[in-house]
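Structure provided below as structure tokens; questions to follow.
The values are calculated or read from the model by the stated rules, or taken from the named source; none is laboratory data. Quick caveat: nothing in here was measured; it's all calculated off a predicted structure. Counting neighbours? That spans all protein chains shown, and the Cβs are built from the backbone with ideal geometry, glycine included.
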Amino acid sequence: MKIFSAATAPARKPSPTSGGFTLIELMVVIVILSILAVYMVPRIMGRPEQAKQLKARIDIQALETALKLYKLDNGHYPTTEQGLEALVEPPDAGPPAKGWREGGYLEKGKIAKDPWGNDYVYLSPGTHDDYDIISYGADGEPGGEGDNADIRSWEIE
């Protein structure tokens, strides 16, 4: 009887169907991921403020759509006093919302804050349209340039 130990066991050739990756395959994947990271990370990391400004524009457009639906159901836009809250809860004061839709006019049932954590400013009647919606940008103050620039409903195409 012949006894085999780990040191004297015959080497087994891996079959073509055996699982696992070779060192070369792993190195190729690491190189590809490294190349992608070198090109993508600066692009993503260098534009967070532009992404926030874009999100604010998209939020304002969504609020505009909800306001139009509110007007279709009720015949008027919410007043400044009623605010955007009239899109998620029937207003208590001001003109009655007799056709207010059960569940409100926004998907999540709440008014989102702008990307900088501030409330959107809503005026109705607005100075530029039937209503105005404004995000004051990164500084949360009216006016400003660059990252602090206001994002206004009447300037969004």
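How many of the residues in segment 44-57 are among the hydrophobic types (A, V, I, L, M, F, W, C) and at pLDDT 90 or above?
Residues of segment 44-57 that are among the hydrophobic types (A, V, I, L, M, F, W, C), as a first pass: 44-45, 51, 54, 56.
After this cut, where a residue has to be at pLDDT 90 or above as well, the list is 56.
Selection size over segment 44-57: 1.
How about segment 69-86: which of its residues are assigned to a helix (DSSP H, G or I), within 17 Å of Asp119 (Cα to Cα) and not small (Gly, Ala, Ser)?
Keep residues of segment 69-86 that are assigned to a helix (DSSP H, G or I), which gives 69-74, 84-86.
Then drop every residue that is not within 17 Å of Asp119 (Cα to Cα), which leaves 84-86.
Within segment 69-86, Leu84, Glu85 qualify.
Output the number of residues of segment 120-141 satisfying the condition of being touching a Ser or Thr at 6+ places or on another chain (Cβ under 9 Å), of a type outside the set (A, V, I, L, M, F, W, C) and either surrounded by fewer than 20 Cβ atoms within 10 Å (Cβ to Cβ) or under 26 Å from Glu49 (Cβ atoms) (or both).
Of the residues in that region, 8 qualify.
Hey, any hits in segment 87-102 for a residue that's outside any loop (DSSP other than H, G, I, E, B) and buried (at least 18 other Cβ atoms within 10 Å of the Cβ)? Lay out the reasoning, then the answer.
If we filter segment 87-102 for residues that are outside any loop (DSSP other than H, G, I, E, B), which is where we start, we get 87.
Now restrict to residues that are buried (at least 18 other Cβ atoms within 10 Å of the Cβ): 87.
Yes, some residue in segment 87-102 is outside any loop (DSSP other than H, G, I, E, B) and buried (at least 18 other Cβ atoms within 10 Å of the Cβ).
Can you find, within segment 103-116, the residue that is modelled with the lowest pLDDT among those that are surrounded by fewer than 16 Cβ atoms within 10 Å (Cβ to Cβ) and touching a Gly at 6+ places or on another chain (Cβ under 8 Å)? Quick ask: steps written out before the conclusion?
Applying the first criterion (surrounded by fewer than 16 Cβ atoms within 10 Å (Cβ to Cβ)) to segment 103-116 yields 103, 107-110, 112-113.
Retained after the next criterion (residues that are touching a Gly at 6+ places or on another chain (Cβ under 8 Å)): 103, 109.
Values: Gly103: 89, Gly109: 83.
Here the residue is Gly109.
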